[in-house]
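Colleague: If you scroll down you'll find the structure; I have some questions about it.
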Amino acid sequence: MVFLKLAIKSLKNRIFATTLTVISIALSVSLLLSVERAKRAAEEGFTQTISKTDLIVGARSGPLQLILYTVFNMGNATHNISYESYEDIKKIPAIEWTIPYSLGDGHRGFRVVGTNQDFFKYYHYRGDRKVEFSQGGEFRDLWDVVLGAEVARKLGYKLGSRVVVAHGVTKGEGIQEHDDKPFVVAGILEPTGTPLDRAVYMSLEGMEALHVDWQEGAAPTADKIIPREQLTKDKLKVHSITAFFVGAKSRIETLKLQREINTYKEEPLLAIIPGVTLSELWQGLSFVEGVLRIISWMVVLVGFMAMLIALTTALNERRREMAILRAVGAKSRQIVGLLVFESTLLTALGIALGVFLSWGLVAVLKPWIESEFGLYLVGPWFTSRELIYLVITLIGGTVIGLIPALRAQSLALKDGLSVKL
Amino acid sequence: MASSNILIEIRDLQYIYPGQATPTLKIPEFSIVRGEQLFLYGPSGTGKTTLLEMLSGVLKPSQGSLKILGCDFVKMSDSERDSFRAEHMGYVFQNFNLIPYLTVQENIELPLHLSAARRARLGSVDTEMVIRALCGNLGIGDLLGKKVGELSVGQQQRVAVARALLGKPDLLLADEPTSALDTDHREKFLKLMFELSDLYGTTVVFVSHDRSMEKLFSRSISLDSINKVG
């Protein structure tokens, strides 16, 4: 116990260096934990971009492509699904609900999604969260649009603003604007921290109305334009959609349902389970996570180096102290023990401070991170992986402490009791 | 048995520093009697400190035999010699005897924490009282709670003596402990030290290159006369 007291008093005696060392370890540890936490939040956010949807169905392509253009607003579908097939599949008894998705147009770099009221009813993300409105409400009229939170914020739109949709998704000015058929903002969504924030939503009929007078994929000539006023919802017939989301009556039936859709005779379709594909996609991104982790371990290593320097520098001044301890009967391995104990104590203090620091940061910055980056810091304060990291750090600190300790031992043996300083 | 009166017995002792060809010390025969106050004279660099460190058990003799209280240091392990030192010896350095971040009392108590045997030698369970009495005798009774940095050099040396003599050790080794003191204080310091070592029956081995204090000791010997190097 005398060594515990000696270690504590000796560290207190060098309070400035001790504090700096502890802080440098604490910063490293809190960085390591924060990266881990951000990674967890990102993974959670990513795999929970869509939830409660059992299947996503599109024209036959790759699962990644399908999930990218439906859930992440990235890339394009190569084919559409005929509306008849959609109606047909909807009738399968195991299906509880569907959300149709029609893509292809954009508005100033944001994607336009044609869907129906079921989108507001059944689309879930992050567990059981639903799409909600911050202003206005669902699209009712043919020319109504609902904006994702980021679209409204970036473009400064309010309820009643006029929106002109461009053909094809383009940044900035559209190549071909549907400027003969402007839309009106009827609702603005609450921020969700998902790609939902970055899209414009309208009815399937609205989407159809944009292209009703188009022929062979080209804009109509002036004489063939059907004016906006002549179009009403019931006059328009939806021909195709790009994809649809499926909720099964019971989860158990999902696989059977998936097989049924994949072997649908009338049209080649692809049904994917979003959770599975999302995890696969995340695995594909895990190198980023690996890089982040390597960086944090580097920082931990730098923290250790700072400790090594601090301890080694102090060592020379402490040779006298070691000789006194030897003279009163301390064994040289007790001196090694004392120094290793000191470094372990410093590391432990650093870890404790680091843990509280990262918790404090999370508590303080949580709202800002959520609104600014869409990273939801959910989940437990501590995971077993983080605990393992902390144990590794503690062991690392002890091992680093061994270096000056063994040096002190060899010095003590060389010096004997007559330290010549 | 006549030898029971002999505390330290040296025979054909040699010490060669690692990497050196010739021994620093080579003592064919030498002994120290229990209870004596030995003044060991030698100019700097003649192996005084080497001898002290061997007597204390920090250095292990290269050859020969060194028996203290009948225990042969040559045959003991490093750790056994460390324990032996903690139990049986006190050591006073030339200066810087005290650990700066401990109080005077904590410095004095150090050997008790390192050796249960040393604690047992106190002869009383009330450590506090024993320390008070000892320090009272040394004239440092009022300094116990102070920090080392607040003490004068003379006071520090007396604290070192208190630590060395706590628990009535068999042997007190001193490496020029008075060289930092002025002449008046030197004499006072030595007289005080002898008073207590007499009281406790502690043998004193004192090395110095300065012969001015020689007359106060019960025996004085020049290292040259026993060290047969070269």
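The values are calculated or read from the model by the stated rules, or taken from the named source; none is laboratory data. Because the structure is a prediction, the values reported are computed rather than measured. Please note: Cβ atoms are built from the backbone with ideal geometry, for glycine as well, and neighbour counts cover all protein chains shown.
Colleague: Output the residue which, of all residues in the stretch A:1-48 that are in contact (Cβ under 8 Å) with a residue 60 or more places away in the chain, farther than 20 Å from residue A:280 by Cα and among the hydroxyl-bearing types (Ser, Thr, Tyr), is nearest to the other protein chains (Cβ to nearest Cβ).
Modeller: A:10
Colleague: Next question. Can you tell me how many residues in the stretch B:110-155 are in contact with a helix residue (DSSP H, G or I) (Cβ under 7 Å, 6 or more places away or on another chain) and within 14 Å of chain A (Cβ to nearest Cβ)?
Modeller: Of the residues in the stretch B:110-155, 11 are in contact with a helix residue (DSSP H, G or I) (Cβ under 7 Å, 6 or more places away or on another chain) and within 14 Å of chain A (Cβ to nearest Cβ).
Colleague: Please give the helices (runs of 4 or more DSSP H) falling wholly within the stretch B:137-230 in which 3 or more residues are closer than 19 Å to residue B:90 by Cβ.
Modeller: Correct list: B:153-165, B:183-200.
Okay, residues lined up against (1) within 20 Å of the chain's Cα centre (by Cα); (2) farther than 27 Å from residue A:14 by Cα; (3) part of a loop (DSSP other than H, G, I, E, B):
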site: B:109; (1), (2), (3): yes, no, no
site: B:125; (1), (2), (3): no, yes, yes
site: B:128; (1), (2), (3): no, yes, no
site: B:133; (1), (2), (3): no, yes, no
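Colleague: List the strands (runs of 3 or more DSSP E) that sit entirely inside the stretch A:154-253 and contain at least 2 residues that are more than 23 Å from residue A:59 (Cβ to Cβ) and in the same structural domain as residue A:70 (by TED's automatic domain parsing).
Modeller: On the way: elements: A:183-189, A:199-203, A:243-248.
Qualifying strands (runs of 3 or more DSSP E): A:183-189.
Colleague: Which of the numbered conditions does residue B:78 fail, given that it passes all the others? Conditions: (1) in contact (Cβ under 8 Å) with a residue 24 or more places away in the chain; (2) touching a helix residue (DSSP H, G or I) at 6+ places or on another chain (Cβ under 9 Å); (3) at the interface with chain A (Cβ under 8 Å from one of its Cβ atoms).
Modeller: (1)
Colleague: Against the conditions (1) crowded, with 17+ Cβ neighbours inside 10 Å; (2) part of a helix (DSSP H, G or I); (3) among the hydrophobic types (A, V, I, L, M, F, W, C), where does residue B:98 fall short? Just the number, please.
Modeller: (2)
Colleague: A further question on this structure: Within the set of pairs 6+ apart or on separate chains, which have a first residue in the stretch B:81-101 that is without any contact (Cβ under 8 Å) to a residue 24 or more places away in the chain, a second that is in a loop (DSSP other than H, G, I, E, B), and C-beta atoms under 7 Å apart?
Modeller: none
Colleague: Which count do you get for residues in the stretch B:95-109 that are facing chain A (nearest Cβ under 9 Å) and on the phi < 0 side of the Ramachandran plot? It would help to see each step written out before you state the result.
Modeller: In the first step, residues of the stretch B:95-109 are kept if they are facing chain A (nearest Cβ under 9 Å); the result is B:96-102, B:106-107, B:109.
Remaining after also requiring on the phi < 0 side of the Ramachandran plot: B:97-102, B:106-107, B:109.
Within the stretch B:95-109, residues that are facing chain A (nearest Cβ under 9 Å) and on the phi < 0 side of the Ramachandran plot number 9.
Colleague: While we're looking at this one, here's another question. Filter the strands (runs of 3 or more DSSP E) completely within the stretch B:1-73 down to those with at least 3 residues that are aliphatic (A, V, I, L, M).
Modeller: So the answer is B:6-15, B:25-33.
Colleague: Among the listed residues A:324, A:369, A:309, which satisfies the condition of being farther than 30 Å from residue A:153 by Cα, in a helix (DSSP H, G or I), more than 14 Å from chain B (Cβ to nearest Cβ) and of a type outside the set (S, T, N, Q)?
Modeller: On the way: A:324 fails: more than 14 Å from chain B (Cβ to nearest Cβ); A:369 fails: farther than 30 Å from residue A:153 by Cα.
Being farther than 30 Å from residue A:153 by Cα, in a helix (DSSP H, G or I), more than 14 Å from chain B (Cβ to nearest Cβ) and of a type outside the set (S, T, N, Q) holds for just one of A:324, A:369, A:309, which is A:309.
Colleague: Only one of A:90, A:52 is farther than 23 Å from residue A:281 by Cα and basic (Lys, Arg). Can you tell me which? Don't jump to the end; show me each part of the working.
Modeller: Working: A:52 fails: farther than 23 Å from residue A:281 by Cα.
Only one candidate passes the filter, namely A:90.
Colleague: What is the one condition in (1) of a type in the set (Asp, Glu); (2) closer than 30 Å to residue B:82 by Cα; (3) away from chain B (no Cβ under 14 Å) that residue A:415 does not satisfy?
Modeller: All conditions are met except number (3).
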